[in-house]
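Please see the structure below; I have some questions.
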Amino acid sequence: MIFKIKHIRHLFQNKQNSFWVCLLSLFFAFQSFSQNNSTDVEALIESVSQQLQNSVTDSTQVYKNMFKSVRLSKQVKDKKLLAKSYQNLAIWHQNNVTLDSTLYYLEKAQTTLKATDFNKLKAKNHLIKEDAHKDKREYSKALEADFKALKIYENINDQKGIAECYTRLCDLLYYQEKYTNGAEYCQQAIEIQKQLNVPKNLALSYRYKADNLLMLQEYEQALENISSAITVLENAGISKVSIAKNYNTRGNIYKHMNRFDDAIAEYQKCYQIATEHNAYNGVYVALANIGHVYRLQNNYDKALPYTLEAIEMMKKSGNIQNLRENYMHASDSYEALDQYKEALEYERLHSKMISDDSQEMIAQLESELQAKYESDKKDETIEAQDATISRQRQIQLLYIGIAVLLGFFLFAMYFTMKNIRKKREALTKLNTELAENQKTIELSNRKLKASLEELKATQAQLIQSEKMASLGELTAGIAHEIQNPLNFVNNFSEVSVEMIDEMKVELDKGDIEEVRAVSNDLKQNIEKILHHGKRADDIVKGMLQHSRINTGTKEPTDLNKLTDEYFRLAYHGLRAKDKSFNALLETDYDESIKTVNIVPQDIGRVILNLFTNAFYAVDDKKSITTSTYYKPKVSVSTEKLEDKIIIAIKDNGNGIPEEIIDKIFQPFFTTKPTGKGTGLGLSMSYDIIKAHNGELKVETENLKYTQFKIILPIKNTKDV
Amino acid sequence: MKILVVDDEQDVKTLFLQRFRKEIRKEELDFMFAFSGEEALETLKSMEHEAVLILSDINMPGMSGLQLLEIIKKDFVTPPPIVMMVTAYGDDENYNTAKQLGADDFLTKPVDFKLLKDKLMQNL
């Protein structure tokens, strides 16, 4: 909607400068009757100005006349006339939307006026320039031109000119969507123009102000202003065709106020007047607007003929600014009337215009890119030249270097010859020294061997201490695991003692049936005690197995069971140490995995280490996070692929920082506080997985998660 | 009133039946057993509108005791069952969570059966 108002507005605005040209030309035409040659030229210029204002008639003839007036003005050496001739050319090009030519002729006019004091002409030049920039949508340049004109008018205290500049400012601000400022400038213009007898200018200010107010949705005020414009024009007896566009604006305001009947009445007035005066742009604008109002009322039957006629006229006139949206309106109306074929046709026309617009834009962008590419290329050539120069310089330096070296060698050779004799003597002395040195080296070699042994021992000790550390982690978990069977053992024992007392009572009573029942229960209880005792025994055996010296022999192992055991042990181990620790555990085991040929103690140690790290990570995050929504979670999954098995252990802790991710598998690297970790866990895990021909991989995202993957190859089907 | 015991250790059933054999025989207590949170919910659904006392372990594979508690307190309101939670860890967080979710009582393992009996009798 905003778009539409703007464009219609745009159609009307070109006429104003023609008005100026006309007035000035008339003035000069009268004045120069006495001068012989100049009179003819002036008359010519004046007629051209008139024709330009009317915008119709024989365009080529006008064009010829303009060049004629330039030629003649040069002949009579009249700068004022020459400048005016250039301005006429500028205006002609402006009307023909060849704006670069407009700017070219304005430049010529400006040069002509340079050393003169024809201030009004100078100001006018700026104003035509403003129009050209406005049509090119270069609003900041247009503003600049307007302010230059304003300055000239202020210097010569031309109130009418000042007011006109304000009106134009108002218009420019409208296009830049600064409606409040725009309305203020128009108000200033109105106040000046009320004092002067300039009804057309005053009405224009009212209308522009109304336009700005309409955009500010101040409908009542807008209505008031446009009505003032119409009253001013009517009272001054100005021709109806000049009032027509005001009716159109009033129609727009009514349309926004949803007073559709009033709006149509205004547009009809505009249409009538424009038709009578053959002002086609007024006619199709009115038609398009009437069509639009009917469409807003969902009266598609009525809307369509108006829209179609408007389209035809726009096509004929060559002014296609509003054509696109009217194609769309036509298509919508046809669609609403179920005439899909026509709807499609107009939709295509609409789309084509959009694509044409886009292509134009693409072409422009491409040409900009081309320009940039070429300037880049130029830079490259310069760089290449620089490189060649520096290479040549390097070669020169090299030659100099070689020459210096040669000199040095010759000099050195002389001394060498001289020294050789001396050296022979020294050599024998040296040999004896060498023999002594060798002895010393042998000694230190022995020392080194000894410290190597020592180091190896230390390493073994360290590995053992890592094992013990993980054993420590296990112990608490194992304690918890043992607690459950122990509870059963204790409970069933206690209850059995009670039952034996009961049995005695029943025996005394002689109730054999009851005695039998109780003894059956007792047997069951003792079986339970045995069962849970064995369960505890298994757990302890498992613990011993973990700390046992590694035999390094692979055996078929239930990998899911192993993983789950250590998962529980690690969790309960931590829980037992820190009762407030809590985490969500998730398991997803691939049941198709049966047994895998591995060294169970070793793989178990890796899994335990990874779980311990995972729990440490989530606990650490929990302790530093301020969010109450954080839920620590550790998950494990196993997956069997064609030739490998993957065990994935994932935590939702803070992840591993990028700067240390490369170091985590190095021995003695730890992020835990001193004394809390040996820094050997991951390094040992890495070695163990390597020894299984597998891979240990890590994936992490800062503040989100860490996932370790143990990838074990399965060589043949026997493994699984 | 029925007492529903929820624990993943199957032998808990045997133990309860033995420990409370006198009360069961005298029909003072009436036990039912479920071996997971999911199973407990199934049982509860099948006996709608019957008064129940639930005794649930917290650490269970699958649905945890706390999750079960939350669902019970939300979905089974007529009549609201009494829920007692049992866990090996008498830690503050579990205790607070259980209380917050509306647990009526909280016991730690190993269970003191004398105390439990008193509590059960009191509630019935």
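Take A:E527 and tell me if it is within 13 Å of chain B (Cβ to nearest Cβ) and open to solvent by 40 Å² or more (accessible area, probe 1.4 Å).
When the stated conditions are applied, A:E527 passes them.
Within the bounds of region B:20-30, is there any residue that is in contact with a strand residue (DSSP E or B) (Cβ under 8 Å, 6 or more places away or on another chain), within 14 Å of another protein chain (Cβ to nearest Cβ) and surrounded by fewer than 16 Cβ atoms within 10 Å (Cβ to Cβ)?
Taking every residue of region B:20-30 in turn, at least one turns out to be in contact with a strand residue (DSSP E or B) (Cβ under 8 Å, 6 or more places away or on another chain), within 14 Å of another protein chain (Cβ to nearest Cβ) and surrounded by fewer than 16 Cβ atoms within 10 Å (Cβ to Cβ).
I'm checking my understanding of the structure. Among residues of region A:552-586 that are in a loop (DSSP other than H, G, I, E, B) and under 22 Å from B:T108 (Cβ atoms), which one is farthest from the other protein chains (Cβ to nearest Cβ)?
Taking the candidates together, the pick is A:A583.
When B:Q10 is evaluated against the numbered criteria (1) within 14 Å of another protein chain (Cβ to nearest Cβ); (2) open to solvent by less than 60 Å² (accessible area, probe 1.4 Å), which criterion, by number, is the only one it fails?
Looking at each condition in turn, B:Q10 falls short on (2).
Does A:V515 satisfy the condition of being crowded, with 17+ Cβ neighbours inside 10 Å and either within 11 Å of chain B (Cβ to nearest Cβ) or at pLDDT 90 or above (or both)?
In short, yes.
Sticking with this structure for a sec: Among the residues of region B:51-78, write down those that are closer than 14 Å to B:I3 by Cα, of a type outside the set (D, E) and out of contact with any Pro (no Cβ under 6 Å at 6 or more places or on another chain).
Of everything in region B:51-78, those that are closer than 14 Å to B:I3 by Cα, of a type outside the set (D, E) and out of contact with any Pro (no Cβ under 6 Å at 6 or more places or on another chain) turn out to be B:L53, B:L55, B:S56.
Of the residues in region A:210-239, how many are open to solvent by less than 10 Å² (accessible area, probe 1.4 Å) and more than 16 Å from A:E184 (Cβ to Cβ)?
4
Out of B:K119, B:K114, B:K109, B:K74, I need the residue that is over 17 Å from B:D57 (Cα atoms) and either within 14 Å of chain A (Cβ to nearest Cβ) or open to solvent by less than 60 Å² (accessible area, probe 1.4 Å) (or both). Which one?
B:K114
Also, quick follow-up: Condition first: in contact with a Lys or Arg (Cβ under 8 Å, 6 or more places away or on another chain) and either open to solvent by less than 10 Å² (accessible area, probe 1.4 Å) or not hydrophobic (A, V, I, L, M, F, W, C) (or both). Now tell me which residues in region A:263-284 satisfy that.
Across region A:263-284, the qualifying residues are A:A263, A:E266, A:C270, A:E276, A:H277, A:Y280, A:G282.
To continue, here is another question. Considering only region A:97-119, state which residues are closer than 24 Å to A:R71 by Cβ and of a type outside the set (S, T, Y).
A:D100, A:L103, A:L106, A:E107, A:K108, A:A109, A:Q110, A:L113, A:K114, A:A115, A:F118
Another question about this same structure. Identify all residues within region B:57-91 that are within 17 Å of A:Q483 (Cβ to Cβ) and of a type in the set (S, T, Y); write none if there are none.
B:T87, B:Y89
Please go through region B:34-45 and give me each residue that is more than 13 Å from the chain's Cα centre (by Cα) and either open to solvent by less than 100 Å² (accessible area, probe 1.4 Å) or under 13 Å from B:G62 (Cα atoms) (or both), ordered by number.
Selection gives B:E38 alone.
Would you confirm, using the coordinates I've provided, whether B:L17 is under 12 Å from the mean Cα position of the chain (by Cα), part of a helix (DSSP H, G or I) and within 14 Å of another protein chain (Cβ to nearest Cβ)?
Spelling it out, it is not the case that B:L17 is under 12 Å from the mean Cα position of the chain (by Cα), part of a helix (DSSP H, G or I) and within 14 Å of another protein chain (Cβ to nearest Cβ).
Further question on the same structure: So, in region A:561-589, of the ones that are more than 46 Å from the chain's Cα centre (by Cα) and under 18 Å from A:I646 (Cα atoms), which residue ends up surrounded by the fewest Cβ atoms within 10 Å (Cβ to Cβ)?
A:K561
Restricting to region B:77-93, name every residue that is more than 14 Å from every other protein chain (Cβ to nearest Cβ), among the aliphatic types (A, V, I, L, M) and either under 19 Å from B:E38 (Cβ atoms) or part of a loop (DSSP other than H, G, I, E, B) (or both).
Of everything in region B:77-93, those that are more than 14 Å from every other protein chain (Cβ to nearest Cβ), among the aliphatic types (A, V, I, L, M) and either under 19 Å from B:E38 (Cβ atoms) or part of a loop (DSSP other than H, G, I, E, B) (or both) turn out to be B:V77, B:V83, B:M85.
In a helix (DSSP H, G or I) and within 14 Å of chain A (Cβ to nearest Cβ): which single residue out of B:N96, B:N59 fits that description?
Only one candidate qualifies: B:N96.
One residue is enough: does region A:41-49 have a residue meeting the conditions farther than 28 Å from A:A163 by Cβ, surrounded by fewer than 17 Cβ atoms within 10 Å (Cβ to Cβ), more than 55 Å from the chain's Cα centre (by Cα) and at pLDDT 50 or above?
yes
Separate question: From the set of residues in region A:61-86 that are of a type in the set (G, A, S) and within 10 Å of A:V48 (Cβ to Cβ), which is surrounded by the most Cβ atoms within 10 Å (Cβ to Cβ)?
Applying the filter and picking the extreme gives A:S85.
The values are calculated or read from the model by the stated rules, or taken from the named source; none is laboratory data. Fair warning: this is a prediction, and the values are worked out from it, not measured in the lab. Cβ sites come from the backbone with ideal geometry, for glycine too, and all protein chains shown count toward neighbours. These area figures cover heavy atoms from the full protein model, side chains too; ligands, DNA and RNA do not enter into them. Shrake-Rupley method; radii C 1.70, N 1.55, O 1.52, S 1.80 Å.
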